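The values are calculated or read from the model by the stated rules, or taken from the named source; none is laboratory data. From a predicted model like this one, the values you see are computed outputs, not experimental measurements. In this analysis, Cβ positions are derived from the backbone assuming ideal geometry, glycine residues included, and neighbour counts consider all displayed protein chains.
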Amino acid sequence: METKETNKEALKGGEFLIKESSSDNVFIPEEFNEEQKMIADTCRDFLEQNVLNRLDEIDSMQNPELMPKLLEQAGELGLLGISIPEEYGGFGKDFVTGMLSTEVLGAGHSFAVAFAAHTGIGTLPILYYGTKEQKEKYIPKLATGEWKASYCLTEPNAGSDANSGKTKAVLSEDGKHYILNGQKMWITNAGFADVFTVFAKIDDDENLSAFIVEKDFGGITLNPEEKKMGIKGSSTRQVFFNNTPVPVENLLGKRQEGFKIALHILNVGRIKLGGAALGGAKEAITHSVVYANEREQFGRPISKYGAIKYKLAQQAILSYATESATYRCSQDVENAINAYVESGMSKEEATIKGIADYAVEAAIIKVDASETLDYVVDEAVQIYGGMGYSAESPVERAYRDSRINRIFEGTNEINRMLIVDMLLKKAMKGELDLMGPAQAVAKELMSIPEFGSNDGDEFEKARKMIKNFKKAILMIAGAAAQKLMMQLAKEQEILMNLADMAIQTYVAESLLLRVEKLAKIKGKENILEQIAMMNVFIYDASDIINKAGKDALAAFAEGDELRMMLMGLKRFTKHEPFNAKAARRVVADKLISENRYCF
């Protein structure tokens, strides 16, 4: 079913499902170079000196100048321009380096949101789709933080269904301006933004167009700051456009291209959100470990108790797995961008295309990372006990701030359905051969199962399990597509089951590839904790995949067909008995001795 990838080219987007990847071809965070580590240190120092010591002040929003000032200070250090080309005042660093800075600054609570909105959805539409004149005018000022950026897509009646927005643009009689009228909501950075990327329909167009709108154009009013559950220090307002004149040269991209721009920018936003959530998770794990070592009950630190060790280990395992997937995908995107540039594409066009190629993986990472962070902060509060519920503790804020990530950048439900939808569309366009491997699995079901030995090291066993996870997905997706045809798109529960199987498989494989590569670099005897994390994650994944698969099958199959596929699913998700408790303790003991997240 699978072909081993031996060349230096990364798998194309979605191909992880039908091909086997080599650990030689993945990038792992242990390979960051000195320059990347230096940039990460600069980001860390910035947070410690300017943000983490002022979180209460930031969240109170008593000083409306504070957040824009922090963005300016980040701009002075070059942190807003890490991925911006040098010709526009940035550092011109690659996608992986940009991801690393996003990750480190992701521990910055409300500041992380303002930073991500400015450098991501605020700046990138102009950088990727702007004309030369537009880029020359706006990007240098955005790179330094002199101007702050915001992104206006969501409307009161257009959230997940963004293209149904009602904001209108009409050409003025003299043909020099578009006159903008409409209302946008949940707009991050709105309170201090100088430049808005606004999505609106020109006349009665079917699709949105995009516009670069300056605050000083006039006709722009803001509602007061929203009162929110978390990220209280980030500016979130409704924005009203009342006959706002926008020069015709400020149309961004082509007419009716706005929806496409929005989707492509969301692809970047999704994978970057994964990085930011990871940064938040690592910070919360360190808080958890430090507190568990300090807090004594029944005469000894609570970190000595098995129930707490379980929590600390699980926080680390999920985060390490998320990190493995995030940087695997980031390097794949970077490789794709470079290949497109070499073929003659402009850097901007290559970046859009490179990121779009891995839209499936970006959606996987968004869901996985946001749910990992939610698990980590929830258990952090639990480890702190009553103290965790107090606003005096650092984890109370982390718990509230985390929750938005499952809604940001497309809800996790929308992203789950997108994962399957995009895979099936790639197959229908002939970009991804799902049918051949799915038929091979169906054929395998009819044959006598192999009762081969379970010999081999943990890597061979893990590879075999992941190969089988892919077969389980192909079996169920193939049968569902055949049976339900066009109705499958409406069966959201089945799509979500399939997405959960794909998420577990991609993350498990990313973790395996990372640990396998690390073993080649450091030797197996020196990475016992990482091997333990890999084994626990894949062991748990097999049960999650089994449950999601059973739910999906029972929803559309019956009789002999159902029985046969359930037997196949059992075969594809079986695992040997495994002492997960002992493996988790290996991980927990390392965290406890280091008194921090140390992987």
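Structure notes:
- Checking region 270-293 against the condition returns a match, with at least one residue being out of contact with any Pro (no Cβ under 8 Å at 6 or more places or on another chain), surrounded by fewer than 21 Cβ atoms within 10 Å (Cβ to Cβ) and at pLDDT 95 or above.
- Against the list (1) more than 16 Å from the chain's Cα centre (by Cα); (2) buried (at least 23 other Cβ atoms within 10 Å of the Cβ), the condition GLU396 fails is (2).
- Residue within region 556-578 that is of a type in the set (A, V, I, L, M), part of a helix (DSSP H, G or I) and under 28 Å from the mean Cα position of the chain (by Cα) present: no
- Candidate set: region 75-102, residues that are acidic (Asp, Glu) and in contact (Cβ under 8 Å) with a residue 24 or more places away in the chain; chosen: the one nearest to LYS141 (Cα to Cα): GLU76
- Filter result for the condition that a residue is buried (at least 23 other Cβ atoms within 10 Å of the Cβ) and assigned by TED's automatic domain parsing to the domain that holds GLY275, over ASP374, ASP378, ASP401: ASP401
- Looking across region 223-266, just one residue is touching a Ser or Thr at 6+ places or on another chain (Cβ under 6 Å), more than 16 Å from ASP59 (Cβ to Cβ) and charged (D, E, K, R), and that is ARG255.
- Positions within region 171-189 being out of contact with any Phe, Trp or Tyr (no Cβ under 7 Å at 6 or more places or on another chain) and of a type outside the set (S, T, N, Q), in sequence order: GLU173, ASP174, GLY175, LYS176, HIS177, ILE179, LYS184, MET185, TRP186, ILE187
- Just one residue in the set GLU349, GLU361 is assigned to a helix (DSSP H, G or I), under 27 Å from ALA162 (Cα atoms) and modelled with pLDDT of 95 or more; that residue is GLU361.
- Considering each residue of region 227-237 in turn, at least one proves to be assigned to a loop (DSSP other than H, G, I, E, B), buried (at least 20 other Cβ atoms within 10 Å of the Cβ), touching a Pro at 6+ places or on another chain (Cβ under 9 Å) and outside the structural domain of SER303 (by TED's automatic domain parsing).
Listed here are the residues, each with its yes/no results for (1) of a type in the set (Asp, Glu); (2) surrounded by 24 or more Cβ atoms within 10 Å (Cβ to Cβ); (3) in a helix (DSSP H, G or I); (4) at pLDDT below 95.
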| residue | (1), (2), (3), (4) |
| --- | --- |
| ILE473 | no, yes, yes, no |
| ALA479 | no, no, yes, yes |
| MET496 | no, no, yes, no |
| ASP500 | yes, no, yes, no |
| GLU529 | yes, no, yes, no |
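- Of the residues ASN546, ASN497, ASN468, the single one that is polar (S, T, N, Q), farther than 19 Å from LEU434 by Cα, touching a residue at least 12 places away in the same chain (Cβ under 8 Å) and not assigned by TED's automatic domain parsing to the domain that holds LYS366 is ASN546.
- Screening ASP41, ASP56, ASP24, ASP45 for residues that are assigned to a helix (DSSP H, G or I), out of contact with any Gly (no Cβ under 6 Å at 6 or more places or on another chain) and either under 29 Å from LYS426 (Cα atoms) or among the aliphatic types (A, V, I, L, M) (or both) leaves exactly one candidate, ASP24.
- Residue check, ILE521 loosely packed, with under 14 Cβ neighbours inside 10 Å, in contact (Cβ under 8 Å) with a residue 60 or more places away in the chain and not charged (D, E, K, R): yes
- Checklist (1) at pLDDT 95 or above; (2) polar (S, T, N, Q); (3) within 26 Å of the chain's Cα centre (by Cα) applied to ASN267, failing item: (1)
- In region 293-307, the residues that are in contact with a strand residue (DSSP E or B) (Cβ under 7 Å, 6 or more places away or on another chain) and of a type in the set (S, T, N, Q): ASN293
- Qualifying residue in region 1-10 (condition: at pLDDT 95 or above and surrounded by 15 or more Cβ atoms within 10 Å (Cβ to Cβ)): no
Residue-by-condition table, conditions (1) surrounded by fewer than 20 Cβ atoms within 10 Å (Cβ to Cβ); (2) in contact with a Cys (Cβ under 9 Å, 6 or more places away or on another chain); (3) modelled with pLDDT under 95:
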position: ASP45; (1), (2), (3): yes, no, no
position: MET61; (1), (2), (3): yes, no, yes
position: LEU70; (1), (2), (3): no, no, no
position: LEU80; (1), (2), (3): no, no, no
position: THR97; (1), (2), (3): no, no, no
position: SER110; (1), (2), (3): no, no, no
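- When ASN526 is tested against the conditions (1) of a type in the set (S, T, N, Q); (2) over 30 Å from ALA588 (Cα atoms); (3) without any contact (Cβ under 8 Å) to a residue 24 or more places away in the chain, the lone failure is (2).
Residue-by-condition table, conditions (1) under 24 Å from MET229 (Cα atoms); (2) aliphatic (A, V, I, L, M); (3) assigned by TED's automatic domain parsing to the domain that holds LYS282:
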| residue | (1), (2), (3) |
| --- | --- |
| GLU35 | no, no, no |
| ALA40 | no, yes, no |
| MET67 | yes, yes, no |
| SER83 | no, no, no |
| LYS93 | no, no, no |
| THR102 | yes, no, no |
| HIS109 | yes, no, no |
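- Scanning region 309-323 for residues being closer than 15 Å to ALA580 by Cβ and either of a type in the set (Ser, Thr, Tyr) or free of Cβ contacts under 8 Å to residues at least 12 places away in the same chain (or both) gives a total of 1.
- Within region 270-307, considering residues that are charged (D, E, K, R) and not in a helix (DSSP H, G or I), the one farthest from GLU371 (Cα to Cα): ARG300
- Residue identified as assigned to a loop (DSSP other than H, G, I, E, B) and closer than 16 Å to ILE231 by Cβ among GLU392, GLU396, GLU409: GLU409
- Any hit, region 134-151, residues being farther than 30 Å from PHE91 by Cβ, more than 27 Å from the chain's Cα centre (by Cα) and surrounded by fewer than 17 Cβ atoms within 10 Å (Cβ to Cβ): no
- Criterion (within 17 Å of the chain's Cα centre (by Cα), of a type in the set (D, E, K, R) and either farther than 15 Å from LYS12 by Cβ or surrounded by fewer than 24 Cβ atoms within 10 Å (Cβ to Cβ) (or both)) met by exactly one of GLU342, GLU348, GLU323: GLU323
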